[in-house]
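Participant: Submitted below is the structure of interest, expressed as structure tokens.
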Amino acid sequence: MHVLPLLLLVAGSAAVAGYARRTPVPAPLLLVAAGLVVSYVPGVPGYELDPGIVLPLVLPPLLYTAATDSSYLDLRAHLRPIALLSVGYVLFATLAVGWAAYLIVPSLPLPAALVFGAVVAPPDAVAATAVARRVGLPSQITTILQGESLVNDATAITAYKVALAAAVGEGATWAGGIREFLLAAVGGVAVGLVLMVPIHWLRTHLKEALLQNTLSLLIPFVAYGIAEQLRASGVLAVVVVALYLGHRAWEVDFATRLQEEAVWKMVAFVLESAVFALIGLQLPVVLKGLGDYDGATVVWYAVAVFLAVVAARFVWIYPASFLPRILSARIREREGTLTWKGPFIIGWAGMRGVVSLAIAFSIPLSMNDRIPFPDRNLILFLTFTTVIGTLVVQGLTLPPLIRLLKLPGRDAQAETLAEANAQAQASRAAERRLDELLEDERNALPPPLADRLRSVLERRRNAVWERLGAVNPVTGETADDTYRRLSREMISTEREVFVRLRDHRYIDDEMLRTLLRRLDLEEAAAYREAA
């Protein structure tokens, strides 16, 4: 891809994603729709998805940022349903959808149909969790969807390699397939376990935030590359390293955390926007490859395969959700009661994404005996229509469906109480430590400065409780909201004075940057509390 088309892709997708934030339509859906429309605008360059770019260069950073934002403890608490979805369901979908495609498309051999099954098996939970966050899904469902998305790509890629080996005539067997799967899974986890401790040690011993963040940008590519070189799962290696680093992020200094959060938010925003736009832009490429296929026939194939993909997820979800509870009293006691609504939402959230398309484009043109791969172009088309169909049909209907089922959302009152109690405990411990330090003559401070340290602690402790208090009858703000707004007004006034002093040459630009950074940190602290 040349530089100009790449810049146009990034700029255009970022603009559409930014506009989506002002609309009720989730950004992934608007990006796909924009890509579909733009793909036929005269003069728009062709964008053909390159699996050699998507899998090693786009997938690792998206996995890394998703894993570092996930909760290791929550994922561990929901390990059973996550494993049943990310491993069990993907393998089931490979077989079920592959067999369905074999029955639906007369010309498609069973090995090639299983390749297609592996291609469309992994849901893309980036879109689902984006919708979930927007409509306030229960945290348990969001955690399960996030956990599934972290591991299911590894399962699907391994299943695809095994199915492809059988399809192209490399003599793959069930025993060989199981061995390949275990090697990829165990090897990927092992690579992650080996890398995570030295990488974390290096992060905590680098003293420059810029160096630490440069290392942070390299970590997913290093973990993925090393694992793939060893024929292990690069996806699992990235996830293991990222979960460990995210769990121990508190050990890194504050400057690194502030910069890292901003950097990775930007990286994730750009990559997610670009990949969803790329999905829509594949339409001319996919249609051009169809050639002489009858239009009405391929539409029937696409609809039937889409229905098979959706049905297969529900066929797996409900037994996997209820059977373990029926068979095990321990699971019933640990995980509590379950209604049909939660599994239904998880089943309907099985939208496919760019990973499926990238895997499909990596299908070779011919088999080992130089015979063209059977119905490769049709597989690409059916993958494309399945991705588009799940994103549009399920993506658009998921928010109203969640509202219709009236699932209990996040309990904001309970979360605020928990936050307030945690802050109170931390503030009391900090006050005790401050008293101990001030008793030492080496830490002697004038009373105003000592009182200022105590007032900062009191301010943090009271801020959360004030969110639960009464609101201003005129503005509708809590006392805490008003405090932050006035604080930002004061900071804005100071900033204007500093700029005016610079313009009149009372201070130079270097001093201005120093003063503005100090104000920026104070404003950032106020903003983070509000968020």
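Participant: Net charge within 15 Å of VAL275 by Cβ-Cβ distance, Lys/Arg positive one each and Asp/Glu negative one each, not counting VAL275 itself?
Facilitator: Numbers: positive: ARG352; negative: GLU48, ASP50, ASP124, ASP153, GLU272.
Around VAL275, the charge tally is -4.
Participant: Leaving ligands and nucleic acids out of the surface, order LYS341, LYS265 by accessible area at 1.4 Å, largest first. Can you show the working numbers first?
Facilitator: Working: LYS341 60, LYS265 130 Å².
From most exposed to least exposed: LYS265, LYS341.
Participant: Right, something else. Tabulate in residue order the Karplus-calculated ³J(HN,Hα) for the range 274-285, using 6.51 cos²θ - 1.76 cosθ + 1.60 with θ = phi - 60°, rounded to whole Hz; enter x for Gly and Pro.
Facilitator: With coefficients 6.51, -1.76 and 1.60, one gets 5, 5, 6, 5, 4, 4, x, 6, 7, 3, x, 5 Hz.
Participant: Now for a separate question. Apply the Karplus parameterisation 6.51 cos²θ - 1.76 cosθ + 1.60, with θ equal to phi minus 60°, to every residue of the range 206-217 and state each ³J(HN,Hα) to the nearest whole Hz, in sequence, with x for glycine and proline.
Facilitator: Result, ordered by residue: 6, 8, 9, 4, 5, 5, 4, 6, 4, 4, 4, 5 Hz.
Participant: I would also like to ask the following. Less than 28 Å apart at the alpha-carbon level, and either on another chain or at least 8 residues along: which lysines does that give for LYS341?
Facilitator: Qualifying lysines at Cα under 28 Å: LYS406.
Participant: What per residue convex hull volume, in Å³, do the alpha-carbon atoms of the range 19-83 yield?
Facilitator: So the per-residue Cα hull volume is 161 Å³.
Participant: How tilted is helix 125-135 with respect to the longest principal axis of the chain? Cα atoms for both, answer in degrees (0 to 90, nearest 10).
Facilitator: That works out to roughly 50 degrees.
Participant: Add -39500 (n - 2.57) for each DSSP H run of 4 or more in the chain, then divide by its residues: what number comes out at 222 nm, to the nearest 500 deg cm²/dmol? Each step should come with its number before you reach the end.
Facilitator: Numbers: 24 runs with 396 residues, N = 531.
It comes out at -25000 deg cm²/dmol, rounded to the nearest 500.
Participant: Given the convex hull of the Cα atoms of the range 305-405, what is a quarter of its surface area in nm²? The partial results should precede the final answer.
Facilitator: On the way: hull surface 35.6 nm².
Its Cα hull, projected and averaged over all orientations, spans 8.9 nm².
Participant: May I pose another question? With θ set to phi - 60° and the Karplus curve 6.51 cos²θ - 1.76 cosθ + 1.60, what are the ³J(HN,Hα) couplings of the range 437-442 in order, to the nearest whole Hz, using x for Gly and Pro?
Facilitator: Working through the residues one at a time gives 5, 6, 6, 7, 5, 5 Hz.
Participant: Give the angle, between 0 and 90 degrees and rounded to the nearest 10, that separates the Cα long axis of helix 509-530 from the longest principal axis of the Cα atoms of the chain.
Facilitator: That helix lies at roughly 70 degrees to the long axis.
Participant: Just grab the label-to-label distance for ASN368 and ARG248, each label 7 Å out from Cα along the Cβ direction, in nm (one decimal).
Facilitator: Inter-label distance under the simple model: 4.4 nm.
Participant: With everything on Cα atoms, drop me the angle between helix 110-119 and the longest principal axis of the chain, reported from 0 to 90° to the nearest 10.
Facilitator: For 110-119 against the chain, the angle is about 10 degrees.
Participant: Now for a different question. If you filter the range 137-202 for chymotrypsin sites (Phe, Trp or Tyr not before Pro), then keep DSSP loop positions with at most 15 other Cβ within 10 Å, what is left?
Facilitator: Working: sites: TYR160, TRP174, PHE181, TRP201; in loops: none.
Sites meeting the loop and neighbour criteria: none at all.
Participant: Another question about this same structure. Give the separation of the Cα centroids, the range 291-317 to the range 355-371, in Å.
Facilitator: 20
Participant: Between LEU202 and GLU496, what length comes free when the chain is fully extended (0.36 nm per residue of separation minus the Cα-Cα distance, one decimal in nm)? List each step's numbers first, then the result.
Facilitator: Working: separation 294, 0.36 × 294 = 105.84 nm, distance 4.06 nm.
Answer, rounded to one decimal: 101.8 nm.
Participant: What would the Debye formula give as log10 I(q)/I(0) at q = 0.16 Å⁻¹ for the alpha-carbon point model of the range 159-301, no solvent?
Facilitator: Log10 I(q)/I(0), no solvent term: -0.97.
Participant: Another question, if that's okay. Per residue, how much accessible surface does the range 261-349 expose to a 1.4 Å probe? Answer in Å², no decimals.
Facilitator: Numbers: 4550 Å² over 89 residues.
Here the residues of the range 261-349 average 51 Å² of exposed surface.
Participant: Further, regarding this structure: Note down the net charge around PHE498, summing +1 for each Lys or Arg and -1 for each Asp or Glu among other residues with Cβ under 14 Å from its Cβ.
Facilitator: Details: positive: ARG495, ARG500, ARG502, ARG505, ARG513, ARG517, ARG518; negative: GLU494, GLU496, ASP503, ASP508, ASP509, GLU510, ASP520, GLU522, GLU523.
With Lys, Arg at +1 and Asp, Glu at -1, the neighbours total -2.
Participant: Sticking with this one: When all protein chains stay in place, what accessible area (Å², nearest 10, 1.4 Å probe) is found for PHE221?
Facilitator: 80
Participant: Here's something else I'd like to know. I'd like the carbon and sulfur percentage of the solvent accessible area for the chain, probe radius 1.4 Å, heavy atoms only, ligands and nucleic acids excluded. Don't skip to the end; give the middle numbers.
Facilitator: On the way: 17690 of 27680 Å².
Reported share for carbon and sulfur atoms: 64 percent.
Participant: Over 5 Å intervals from 0, what percent of Cα-Cα pairs in the range 326-368 sits in each interval?
Facilitator: Histogram of Cα-Cα distances, whole percents per bin: 5, 15, 12, 13, 12, 9, 9, 11, 8, 6, 3.
Participant: Can I ask one more? Based on Cβ point charges of +1 for Lys and Arg and -1 for Asp and Glu, what charge dipole magnitude is obtained for the range 182-278 about its Cα centre, in debye rounded to the nearest 20? Mind dumping the intermediate values first?
Facilitator: Values: 6 positive and 7 negative charges, 28 e Å.
Value, rounded to 20: 140 debye.
Participant: At what distance in angstrom do the alpha carbon centres of the range 214-277 and the range 1-72 lie from each other?
Facilitator: Value for the Cα centre distance between the two parts: 18 Å.
Participant: Please work out the ratio of the alpha-carbon Rg of the chain to 2.2 N^0.38 Å and round it to two decimals. Could you put the intermediate results ahead of the total?
Facilitator: Values: Rg = 26.6 Å, N = 531, 2.2 N^0.38 = 23.9 Å.
Cα-based Rg divided by the globular estimate yields 1.11.
The values are calculated or read from the model by the stated rules, or taken from the named source; none is laboratory data. All values derive from a computational prediction rather than experimental measurement. Cβ sites come from the backbone with ideal geometry, for glycine too, and all protein chains shown count toward neighbours. The accessibility values were calculated without ligands, DNA or RNA, using every heavy atom of the protein model including side chains. Shrake-Rupley method; radii C 1.70, N 1.55, O 1.52, S 1.80 Å.
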